[in-house]
């Protein structure tokens with residue numbers, strides 16, 4: 001998809017530290033998925049792509065966006081900032097904290 005849309009810079013986050021380590025680490029000839037891992041590494045080399053680890057808690061927003069995407073007819077949606085529901089999932093406040101004087 002990244003290649004089809006001609007995206008030049010791409011960052012992929014995964015909550016699987018093991019997967020990220022396999023992809024970013026040295027090649028393992030005798031791993032059961034060595035061919036698939038090498039194919040992913042080859043694709044990464046061909047573009048400006050980074051595979052990064054995120055904590056599972058930080059992945060809640062990605063799960064929300066994936067579920068929202070399945071209910072949408074659009075091919076791609078670009079969010080300038082996280083949707084409001086992502087703030088709730090991340091436990092962030094939507095408004096600035098009020099000062100005691102404002103009460």
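Every read-out reported here was derived from the displayed coordinates using simple, explicitly stated rules and does not represent laboratory data. What you are looking at is a predicted structure, and each value in this text was computed from that prediction instead of being measured. Because the Cβ atoms are built from the backbone with ideal geometry, glycine has one as well, and the counts that use them run over all protein chains shown.
Observations on the model:
- The convex hull built on the alpha-carbon positions of region 1-54 has an orientation-averaged projected area of 3.8 nm².
- Likely footprinting exposure, 28, 76, fewest C-beta neighbours within 10 Å first: 76, 28
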